[in-house]
Amino acid sequence: MKMTIALVCAALVAGTAAAAPGIPRGFLLYEKAAAMKDNDPETNWKVSDSPKARLALDPCGKDAPGKAGRVAARTVTFTGVPDFMKVEQVVLYGSRAAAEQAMAQVRAALSACRARTDSGSSYRYVSTAVAGLGDDALKVSGQVYYGGKVGVGGDRSVVVRKGSAVLVYLWAGEYAKPVKRDWADQLRDATKMTAKICGIAACA
């Protein structure tokens with residue numbers, strides 16, 4: 001789990017004051033929660049408008065997919081002690097073709113880095129297409145394994161392309177064997193955002 005959270009947190013840049021061009025302030029689903037004062041020392045919200053932030057789903061941990069052709073991005077990250085994290089990310093590209101290329105690079109990374117070994121364990125990715133969500137969508141599991149046995153530590157994400165936008169909803173926590181309900185919240189959030197993303201993305 002620590003390996004997963006370290007990879008993703010290191011990739012996400014802290015928030016800035018100005019809104020990202022093309023993404024109105026408050027557009028993301030979790031921005032309101034992130035803006036509320038949080039005095040809990042075990043939880044933290046960050047909002048980044050950096051268009052250079054790594055895609056939240058980054059299987060290889062280097063040469064992150066989807067960097068080329070961006071015009072705006074916003075990433076909202078929540079972390080909680082000891083090992084929970086959720087990320088909402090909206091990336092706008094200059095064209096539908098650039099967004100399609102980003103999704104192709106995500107698939108390539110999932111294939112190239114579908115299993116990484118570290119100190120006797122492996123971290124394995126499995127992806128499945130999601131029908132009827134946006135123009136192209138995947139649900140992805142990342143999970144620790146010790147040999148053939150599931151270990152503690154994993155992430156579950158949904159990645160959607162709609163027009164010239166790519167959306168990522170990722171949760172990382174103390175997961176056991178991947179089961180369908182692991183994606184319930186991510187699919188709900190991705191469906192909500194997909195329904196309104198054409199207000200700021202090129203979908204025609």
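The values are calculated or read from the model by the stated rules, or taken from the named source; none is laboratory data. Because the structure is a prediction, the values reported are computed rather than measured. Remember, those area values only see protein heavy atoms, side chains included, never the ligands or the DNA or RNA. Shrake-Rupley method; radii C 1.70, N 1.55, O 1.52, S 1.80 Å.
Would you calculate, for the chain, the mean residue ellipticity at 222 nm contributed by helices, counting each DSSP H stretch of 4 or more residues as -39,500 (n - 2.57) and dividing by all residues, to the nearest 500?
Numbers: 4 runs with 45 residues, N = 204.
Helices in the chain give a 222 nm mean residue ellipticity of -6500 deg cm²/dmol.
Quote the Stokes-Einstein diffusion coefficient, in whole µm² s⁻¹, for region 72-167, based on the Kirkwood radius over alpha carbon pairs, a temperature of 37 °C and a viscosity of 0.692 mPa s. Please report the intermediate quantities before stating the final value.
On the way: Rh = 14.8 Å.
Estimated diffusion coefficient is 222 µm²/s.
Averaged over its residues, the chain has an accessible area of 47 Å² per residue, based on protein heavy atoms and a 1.4 Å probe.
For the chain, with all protein chains present and a 1.4 Å probe, just round the carbon and sulfur fraction of the accessible area to a whole percent.
Values: 5390 of 9580 Å².
Whole-percent figure for carbon plus sulfur exposure: 56.
Measuring between their Cα centroids, region 83-118 and region 43-76 lie 9 Å from each other.
If you build the Cα gyration tensor of the chain and take the root of 5 times each eigenvalue, what three semi-axes come out, in whole angstrom, biggest first? Mind showing how you got there, number by number?
Details: eigenvalues 129, 83, 45 Å².
Its equivalent ellipsoid spans semi-axes of 25, 20, 15 Å.
Note on the chain: with a GNM built from Cα contacts shorter than 10 Å, the maximum mean-square fluctuation among GLN143, GLN89, GLN101 falls on GLN101.
Under a Gaussian network description of the chain, with springs only between Cα atoms under 10 Å, the residue in ALA53, ALA190, ALA34 that fluctuates furthest is ALA34. Projected onto their three principal axes, the Cα atoms of region 158-204 cover extents of 40, 13, 13 Å, largest first. Are any of the pairs LYS37/LYS67; LYS46/LYS162; LYS62/LYS86 more than 28 Å apart by Cα-Cα distance, and if so, which? Violating the 28 Å limit, Cα to Cα: LYS37/LYS67.
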